[in-house]
Amino acid sequence: NFLIDDIINNEDFASMIPPEFHAEQLFDAREAMNENLGRMKGEDSSLMIVISRYKDESPETYAFIRALRDKCDSVLEADHYLIGESVMFEEMKSGFKREMLVVTILTLIAIFMIVLLTFRSWAVAAILVLTILSGVYINVFVSGIGGKSMLYVAYLIVQSILMGATIDYGILFTTYYREKRRTMGIADAIRESYKGSILTIMTSGMIMVGAPGVMSLLVTDNAAISMIVGCISAGAFAAIMLIIFVLPGVLAALDRFVIRNNNR
């Protein structure tokens with residue numbers, strides 16, 4: 001309005017307006033702005049869009065959101081709400097410890113009970129759950145020492161998926177081991193368990209590692225999605241390595257507990 005009403009028709013500014021300038025562009029722009037502003041400002045409520053250069057999640061982002069919330073609280077008298085991806089992350093972060101504890105406990109209990117009902121062995125259920133949970137923590141640890149951050153939502157999703165998916169590999173190996181221990185010694189049972197399960201574990205496991213890994217590196221540009229699938233890939237790889245190289249030793253070391261309820 002200032003340009004159209006005060007500048008264009010003012011002789012004092014005529015020499016400053018370039019010859020290629022077309023006044024109708026301003027009129028079109030004003031019409032478009034008025035039309036779209038009408039969509040953002042209503043009789044009962046209005047919408048304001050705030051765009052920043054901050055990342056989706058960072059200390060600077062959270063500080064900006066808190067400052068924006070304080071400013072709105074001091075200036076706006078009516079009810080008002082902040083919405084958006086970064087706002088959602090900031091709100092979830094405030095309850096991170098409690099929610100993370102609840103999610104972890106519920107996931108562990110659910111998987112522990114399923115494995116316990118399958119094998120009817122407290123020892124086997126504990127070994128498998130702790131093995132897979134270690135894969136999740138290794139993933140987080142490696143990301144941390146590598147200087148990478150992990151989105152809160154990504155951590156929740158990755159833990160739930162990995163705990164539910166990769167424990168199948170541990171169940172498969174343990175089933176072979178308990179079956180072979182009925183007629184074989186510990187060393188022979190582990191050897192035969194490798195022969196019976198390694199092809200399935202590696203085939204299915206490498207698919208779970210490779211597919212999300214390719215998506216993370218080549219397919220998606222969305223930071224959140226890329227981080228989630230990338231963490232799934234790395235976490236699955238860690239879990240598979242633990243199942244192949246650590247789980248057999250743990251089963252052998254705790255053999256008398258693992259096969260206590262197994263008829264030999």
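The values are calculated or read from the model by the stated rules, or taken from the named source; none is laboratory data. All values derive from a computational prediction rather than experimental measurement. Cβ coordinates were reconstructed from backbone atoms using ideal geometry, including for glycine residues, and neighbour counts include every protein chain displayed. When the accessible area is computed, the model is the full protein with side chains, heavy atoms only, and any ligands, DNA or RNA have been set aside. Shrake-Rupley method; radii C 1.70, N 1.55, O 1.52, S 1.80 Å.
Structure values in brief
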item	result
Residue in segment 183-195 that is surrounded by 16 or more Cβ atoms within 10 Å (Cβ to Cβ) and within 21 Å of the chain's Cα centre (by Cα) present	no
Subset of segment 1-57 (residues that are touching a residue at least 12 places away in the same chain (Cβ under 8 Å), under 30 Å from Ala224 (Cβ atoms), open to solvent by less than 100 Å² (accessible area, probe 1.4 Å) and not β-branched (Val, Ile, Thr))	Ser52, Asp56, Glu57
Contacts under 7 angstrom Cβ, first residue in segment 63-79 being within 13 Å of Glu90 (Cβ to Cβ), partner of a type in the set (D, E, K, R) and at pLDDT below 90, 6 or more apart	Ile65/Glu90
Pick from segment 110-148, criterion within 21 Å of Val250 (Cα to Cα) and among the polar types (S, T, N, Q), ranking: modelled with the lowest pLDDT	Asn139
Residues that are hydroxyl-bearing (Ser, Thr, Tyr), assigned to a helix (DSSP H, G or I) and out of contact with any helix residue (DSSP H, G or I) (no Cβ under 8 Å at 6 or more places or on another chain), drawn from segment 177-214	Thr203
Qualifying residue in segment 133-152 (condition: part of a helix (DSSP H, G or I) and more than 22 Å from Phe245 (Cβ to Cβ))	yes
Top-ranked residue in segment 1-56 [being within 30 Å of Asn222 (Cα to Cα) and small (Gly, Ala, Ser); ranked as farthest from the chain's Cα centre (by Cα)]	Ser46
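Residues checked against (1) of a type in the set (Phe, Trp, Tyr); (2) not in a helix (DSSP H, G or I):
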{"site": "Val50", "(1), (2)": "no, yes"}
{"site": "Glu60", "(1), (2)": "no, no"}
{"site": "Phe64", "(1), (2)": "yes, no"}
{"site": "Arg69", "(1), (2)": "no, no"}
{"site": "Met88", "(1), (2)": "no, no"}
{"site": "Lys97", "(1), (2)": "no, no"}
{"site": "Thr118", "(1), (2)": "no, no"}
{"site": "Val124", "(1), (2)": "no, no"}
